[in-house]
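All remarks here apply to the structure that follows.
The values are calculated or read from the model by the stated rules, or taken from the named source; none is laboratory data. Predicted model only: the values in this text are computed from it and were never measured. Cβ: placed from backbone, ideal geometry, glycine included. Neighbour counts: every protein chain shown. Accessible surface areas use protein heavy atoms only, side chains included; no ligands, DNA or RNA. Shrake-Rupley method; radii C 1.70, N 1.55, O 1.52, S 1.80 Å.
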Amino acid sequence: MAKLNYFDSLEHLALLSTRAVFIACGTQKLSAQGEIASIRHSADRILCELESFLFSDFMPPLERASICSGAHGILRIIERCNDIVSYRSNKNFFAEKRNREAELCIRLSELVEENTMRLRHIKRPEELPDLVGFRKLVNDARTAHSNMQKKLNSGIYPRSAQHSLCLLGKLRCELARTFDELVEVMLKNI
């Protein structure tokens, strides 16, 4: 059995999740559901391979639980994107409007990807990601979410937009949670 490079697998998953967030938070495309399905299939295959190797590998480069939590966190991001795209096929009010929270989710996903790429090289505490900057983006996205909720409640946006807004909020939360898991993996590895 050939040895698996866990860092390559995590990085590939992170690339797939960023692509999924771009699709889910971008403008409406007819092919979005097919693209997300393809991403989910690839991500599931990578995860199965990664877990299979974890069971048989004597000494993985990180703790087994850390590798799994990082991989599963990234897959949850892809699942939230699938939820958005699946609902959007019916009606996504925010796909047609400038959506600050969606823009920030794209930026948050890029930071998750960027910091997944750091895992293989991080050795010292000063190499940790910019935690304050990430938290500021999460706060900005939370504020954007609240502003959209106010517009929804005041009747500026139709009530039918509520589910889209809820799904976007879940994606934002998942991105923040996965970033926290990555930071935890980094802290265990330095």
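Scanning the range 109-129 for residues that are over 16 Å from E184 (Cβ atoms) and among the acidic types (D, E) yields E110, E113, E114, E126.
Filtering the range 129-162 to residues that are in contact (Cβ under 8 Å) with a residue 60 or more places away in the chain and surrounded by fewer than 17 Cβ atoms within 10 Å (Cβ to Cβ) leaves P158, S160. Only a single item in (1) open to solvent by less than 60 Å² (accessible area, probe 1.4 Å); (2) closer than 30 Å to N189 by Cβ; (3) at pLDDT below 90; (4) of a type in the set (G, A, S) is not met by S56, and it is number (1). Scanning the range 14-53 for residues that are more than 16 Å from G73 (Cβ to Cβ), open to solvent by 40 Å² or more (accessible area, probe 1.4 Å) and not charged (D, E, K, R) yields F22, T27, Q28, L30, S31, Q33, G34, A37, S38, H41, C48, S52. Scanning the range 168-187 for residues that are open to solvent by 10 Å² or more (accessible area, probe 1.4 Å) and touching a Ser or Thr at 6+ places or on another chain (Cβ under 9 Å) yields E181, E184. For the range 99-118, the set of residues classified as surrounded by fewer than 21 Cβ atoms within 10 Å (Cβ to Cβ) and of a type in the set (A, V, I, L, M) consists of I106, L111, M117, listed by residue number.
Looking at the range 59-68 only, could you name the residues that are open to solvent by less than 40 Å² (accessible area, probe 1.4 Å) and touching a residue at least 24 places away in the same chain (Cβ under 8 Å)? Steps first, please.
To start, the set of residues in the range 59-68 that are open to solvent by less than 40 Å² (accessible area, probe 1.4 Å) comprises 60, 62, 66-68.
Answer for the range 59-68, where residues must be open to solvent by less than 40 Å² (accessible area, probe 1.4 Å) and touching a residue at least 24 places away in the same chain (Cβ under 8 Å): P60, L62, S66, I67.
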